[in-house]
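The values are calculated or read from the model by the stated rules, or taken from the named source; none is laboratory data. Quantities reported herein were computed from a predicted structural model and do not represent experimental measurements. Cβ: placed from backbone, ideal geometry, glycine included. Neighbour counts: every protein chain shown.
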Amino acid sequence: MDVVVCVKQVPDTEQPIRVRADGSGIDEQGLNWILNYYDEHAVEEALRVRERHGGTVTVVCVGPPRATEALRTALAMGADEAVHVWDPALEGADHLGVSRVLAEVVRRMPHDLVLCGRLATDDNASVVGAALAEYLGLAQATAIAKLEIGDGVATVEREVEGGVEVLRVPLPAVFTVERTINEPRYPTLPGIMKAKRKEIRTLSLQDLGLDPAQVGAAAARVRYARFDPPPRREAGRVVTPESPEEGARLIAQFLQDTAKVL
Amino acid sequence: MAQQVAYRAPSDFYAVEDLLTDVQRSARDTVRRFVDREVLPHIGRWWLEGHFPTELVPKLGELGVLGANLPEEYGCAGLDNIAYGLLMQELERGDSGIRSFASVQGALVMYPIYAYGSEDQRRHYLPKLARGELVGCFGLTEPTAGSDPAAMNTRARKTARGWVLSGTKMWITNGSIAHLAIVWARDEAGTVRGFIVPTDTPGFSAHDIHTKVSMRASVTSELVLDEVEIPDDLALPGAVGLGKALGCLTQARYGIAWGAVGAAVACFEEALSYARDRVAFGRPIAATQIVQERLVDMLTKITTSQLVAYRLGQLKDAGRMHYAQVSLAKRHNVRAALEVAREARQVLGAYGITTEYHAMRHAANLESVDTYEGTYDIHTLILGREITGHEAFGRA
Ligand SMILES: Cc1cc2nc3c(=O)[nH]c(=O)nc-3n(C[C@H](O)[C@H](O)[C@H](O)COP(=O)(O)OP(=O)(O)OC[C@H]3O[C@@H](n4cnc5c(N)ncnc54)[C@H](O)[C@@H]3O)c2cc1C
């Protein structure tokens, strides 16, 4: 099984994210960049497929030079190879543009299975995995919580409202994974050292035979208009009931009249 | 000028983060996550129960933490010393006992085998110790010889086939869970030598000390060696002279200087967030001058300690680290962490005396760290001798 995992580098949301004063984006100064959590699960799943069925795991990332660090994390977890794609023309590309670039990379390498995270925690768009499957002309399933590889087909489970959906999908296919699918391993320290020595190829659009006018900023159909910080949370209201019964009554009243959830 | 300092974490005021390489950062992050998930949720209970979590040992091995700065050819991670220091920092952010386990295994057991052992000993022991399949301990201190190890009474008698060891070692971390002990003893000519002693050798026994009010999530034992006979190939060929035992201590103290920063950071961050939330007299206690002064003192101590540790790491990686420089870092950083922990405990008020918070546990642990690996006073004397040329140990 040759598995390709598409990964993204995102800001660590455990730290405060600040919006630039002019609303043009987030302030990148002092941010920590990490491998998107969902992609970590995708890498883990790929490693498990390799452990069970043999083959290779290749990770691919489209992003600025710093994004190679996310690839190194995946290598440190145990991926065999990493491909980095960057081109100044990709600054400002939209999700479809990135998907087309990824499709071109994947097309050029053996791929029995392509895995992505269900979403990237920076923009929560959930577009790239699905669009990639379309551009590759492959079967797909999104947000899978279980994956089993059979002979030329994969059985996957999706958690849907009130139950589990079981799908049989012919391979090669593209799946995006839910975080419940597995518990990712820690990159080990020897793994980190080995990853440091691995060569990461960086491909430009020209290397991939792609036209900047078709995939780059110029082709973007979605553009960010403005970023606003989330509205400040209003101070909570403190009530001091005379009795537990009164407390319960006040809370019920709040849920009914103010929050309107009952 | 008037802009806010753009720091990533409140405890990284001088952006030491920016000095780190990718490998150093990744190494730190992987252990940080491990500690967040596998240590912090349970440490309060372990500590109260006096339990060292042996179940973490194989996990630490798999992660590559044990002896992480030793070469890859012996199954170790081969990290640089700053990365290694950051690992110690993260482990001690969890608990000094967990860091102590790793310090003993790496700096006091694996290091002497690496530095003073034969090639056969290295190939046989290091990979297993690195994986955590074997646990080691280090026996230097005795009931009547602590700061002055030259006063040791443990004896090594040469026989036709090997050595016979007799004596008692005290305060030995990992003692009763160890598969092998690095034991220091005087031979008949009066020379101190180091030996690898398998703990299942007849005559060897370990007895845990249960009455500790510090370092409770760590095993501390007394070792009794009653005519313990070991073959020649378990003597460490290069471990001849007390200086070799002290050479191990230099390695361990290096890690401790970093570890202390982790404990201090845990206490500071906890105190800062508590001070912002806790309201007294109608305002957050963080809005009072006394609490602000405490927090500023803590941050100053942490920042100083970080820079001392980082520079010491540079010197070690350049092969220019002197043991007196290690003494300064160990002495300063551990005492600073102890003071930070005590101040944090005060900010936390009554809540601070429980294991729901970390400060009191760290403060109690750091009392041990301030004493072991050379007490604060002993490092004062080492440094005093270094800068004045006068010995003030006062040997009678
Ligand atoms: C939790 C824990 C774990 C430990 N683990 C290990 C281990 O794994 N292996 C091991 O070998 N040892 C271990 N130790 C022992 C530790 O290294 C010793 O406790 C330490 O070296 C101090 O020795 P001591 O306790 O005998 O104190 P002493 O040497 O008796 O000192 C008592 C006091 O006198 C002061 N003092 C001594 N000499 C002088 C002087 N000349 N001038 C001024 N003041 C002086 C000291 O600073 C101290 O305050 C451990 C200790 C603890 C608490």
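Applying the selection to the range B:210-255, what residues are more than 16 Å from B:ILE113 (Cα to Cα), within 16 Å of the ligand (Cβ to nearest atom), of a type outside the set (A, V, I, L, M, F, W, C) and touching a residue at least 12 places away in the same chain (Cβ under 8 Å)?
B:HIS210, B:LYS212, B:SER214, B:ARG216, B:SER218, B:THR220, B:SER221, B:GLU222, B:ARG253, B:TYR254, B:GLY255
Of the conditions (1) closer than 25 Å to B:ILE98 by Cα; (2) within 10 Å of the ligand (Cβ to nearest atom), B:HIS207 satisfies every one except a single condition; which number is it?
Failed condition: (2).
Quick grid of which residues meet (1) of a type in the set (Asp, Glu); (2) in contact with a Pro (Cβ under 9 Å, 6 or more places away or on another chain); (3) more than 10 Å from chain A (Cβ to nearest Cβ); (4) without any contact (Cβ under 8 Å) to a residue 24 or more places away in the chain:
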| position | (1), (2), (3), (4) |
| --- | --- |
| B:ALA9 | no, no, no, no |
| B:ASP12 | yes, no, no, no |
| B:ASP18 | yes, no, no, yes |
| B:VAL23 | no, no, no, no |
| B:GLU38 | yes, yes, no, yes |
| B:HIS51 | no, no, yes, no |
| B:THR54 | no, no, yes, no |
| B:LYS59 | no, no, no, no |
| B:LEU70 | no, no, yes, no |
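With the requirement that a residue be within 14 Å of chain B (Cβ to nearest Cβ), within 30 Å of A:ALA89 (Cα to Cα) and surrounded by fewer than 14 Cβ atoms within 10 Å (Cβ to Cβ), what does the range A:157-204 give you?
A:ARG197
Of the residues B:GLY106, B:GLY139, B:GLY117, only one is of a type outside the set (D, E, K, R), more than 17 Å from the chain's Cα centre (by Cα) and buried (at least 22 other Cβ atoms within 10 Å of the Cβ); which?
Selected residue: B:GLY117, the only one of B:GLY106, B:GLY139, B:GLY117 that is of a type outside the set (D, E, K, R), more than 17 Å from the chain's Cα centre (by Cα) and buried (at least 22 other Cβ atoms within 10 Å of the Cβ).
Kindly provide the set of residues from the range A:231-257 that are in a helix (DSSP H, G or I) and surrounded by 10 or more Cβ atoms within 10 Å (Cβ to Cβ), ordered by number.
Looking only at the range A:231-257, we keep the residues that are in a helix (DSSP H, G or I), and these are A:244-257.
Within the range A:231-257, A:GLU246, A:GLY247, A:ALA248, A:ARG249, A:LEU250, A:ILE251, A:ALA252, A:GLN253, A:PHE254, A:LEU255, A:GLN256 qualify.
Select from the range B:138-147 the residues that are within 6 Å of the ligand (Cβ to nearest atom) and out of contact with any Phe, Trp or Tyr (no Cβ under 6 Å at 6 or more places or on another chain) and list them in ascending order.
Result: B:PHE138, B:GLY139, B:GLY146, B:SER147.
Any idea which of B:GLU367, B:GLU356, B:GLU373 is more than 9 Å from the ligand (Cβ to nearest atom) and either within 14 Å of another protein chain (Cβ to nearest Cβ) or acidic (Asp, Glu) (or both)?
Of B:GLU367, B:GLU356, B:GLU373, the one residue that is more than 9 Å from the ligand (Cβ to nearest atom) and either within 14 Å of another protein chain (Cβ to nearest Cβ) or acidic (Asp, Glu) (or both) is B:GLU356.
Residues being surrounded by fewer than 22 Cβ atoms within 10 Å (Cβ to Cβ) and touching a residue at least 60 places away in the same chain (Cβ under 8 Å): count how many of those fall in the range B:291-315.
Residues flagged as surrounded by fewer than 22 Cβ atoms within 10 Å (Cβ to Cβ) and touching a residue at least 60 places away in the same chain (Cβ under 8 Å) within the range B:291-315 amount to 5.
Would you confirm whether or not the range A:97-108 contains a residue that is surrounded by fewer than 20 Cβ atoms within 10 Å (Cβ to Cβ), assigned to a loop (DSSP other than H, G, I, E, B) and modelled with pLDDT of 95 or more?
Checked against the condition, which is being surrounded by fewer than 20 Cβ atoms within 10 Å (Cβ to Cβ), assigned to a loop (DSSP other than H, G, I, E, B) and modelled with pLDDT of 95 or more, the range A:97-108 yields at least one hit.
Look through B:GLY75, B:GLY94 and report the one residue that is on the phi > 0 side of the Ramachandran plot and either within 14 Å of chain A (Cβ to nearest Cβ) or buried (at least 24 other Cβ atoms within 10 Å of the Cβ) (or both).
Unique residue meeting the criteria: B:GLY75.
Which residues, taken from the range B:73-89, are in contact (Cβ under 8 Å) with a residue 40 or more places away in the chain and in a helix (DSSP H, G or I)?
Of everything in the range B:73-89, those that are in contact (Cβ under 8 Å) with a residue 40 or more places away in the chain and in a helix (DSSP H, G or I) turn out to be B:TYR74, B:ASN81, B:ILE82, B:ALA83, B:TYR84, B:GLY85, B:LEU86, B:LEU87, B:MET88, B:GLN89.
Within the range A:12-34, can one find any residue that is crowded, with 18+ Cβ neighbours inside 10 Å, away from chain B (no Cβ under 14 Å) and of a type in the set (Ser, Thr, Tyr)?
Taking every residue of the range A:12-34 in turn, none turns out to be crowded, with 18+ Cβ neighbours inside 10 Å, away from chain B (no Cβ under 14 Å) and of a type in the set (Ser, Thr, Tyr).
From the list A:ASP211, A:ASP228, A:ASP207, which one is away from chain B (no Cβ under 14 Å) and surrounded by fewer than 12 Cβ atoms within 10 Å (Cβ to Cβ)? Please lay out each step first, then the result.
Values: A:ASP211 fails: surrounded by fewer than 12 Cβ atoms within 10 Å (Cβ to Cβ); A:ASP207 fails: surrounded by fewer than 12 Cβ atoms within 10 Å (Cβ to Cβ).
Just one listed residue meets the conditions, A:ASP228.
Taking the condition of being within 24 Å of A:GLU148 (Cα to Cα) and more than 16 Å from the chain's Cα centre (by Cα), how many residues in the range A:104-128 meet it?
Residues that pass the stated criteria total 7.
Based on this model, can you work out whether B:VAL326 counts as touching a residue at least 12 places away in the same chain (Cβ under 8 Å), crowded, with 19+ Cβ neighbours inside 10 Å, away from every other protein chain (no Cβ under 14 Å) and within 16 Å of the ligand (Cβ to nearest atom)? Before you say what the answer is, go through the steps one by one.
Details: touching a residue at least 12 places away in the same chain (Cβ under 8 Å): yes; crowded, with 19+ Cβ neighbours inside 10 Å: yes; away from every other protein chain (no Cβ under 14 Å): yes; within 16 Å of the ligand (Cβ to nearest atom): yes.
Against the criterion (touching a residue at least 12 places away in the same chain (Cβ under 8 Å), crowded, with 19+ Cβ neighbours inside 10 Å, away from every other protein chain (no Cβ under 14 Å) and within 16 Å of the ligand (Cβ to nearest atom)), B:VAL326 qualifies.
Table: residues versus (1) among the hydroxyl-bearing types (Ser, Thr, Tyr); (2) assigned to a loop (DSSP other than H, G, I, E, B); (3) more than 30 Å from B:LEU366 (Cα to Cα); (4) modelled with pLDDT of 95 or more.
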{"position": "B:ARG186", "(1), (2), (3), (4)": "no, no, yes, yes"}
{"position": "B:ALA189", "(1), (2), (3), (4)": "no, yes, yes, yes"}
{"position": "B:PHE195", "(1), (2), (3), (4)": "no, no, no, yes"}
{"position": "B:PRO202", "(1), (2), (3), (4)": "no, yes, yes, yes"}
{"position": "B:HIS207", "(1), (2), (3), (4)": "no, no, no, yes"}
{"position": "B:GLU222", "(1), (2), (3), (4)": "no, no, no, yes"}
{"position": "B:LEU225", "(1), (2), (3), (4)": "no, no, no, yes"}
{"position": "B:GLU229", "(1), (2), (3), (4)": "no, no, yes, yes"}
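Can you tell me which of (1) more than 12 Å from the ligand (Cβ to nearest atom); (2) out of contact with any helix residue (DSSP H, G or I) (no Cβ under 7 Å at 6 or more places or on another chain); (3) over 25 Å from B:GLY394 (Cα atoms); (4) of a type in the set (Gly, Ala, Ser) is the one B:ALA130 doesn't meet?
(2)
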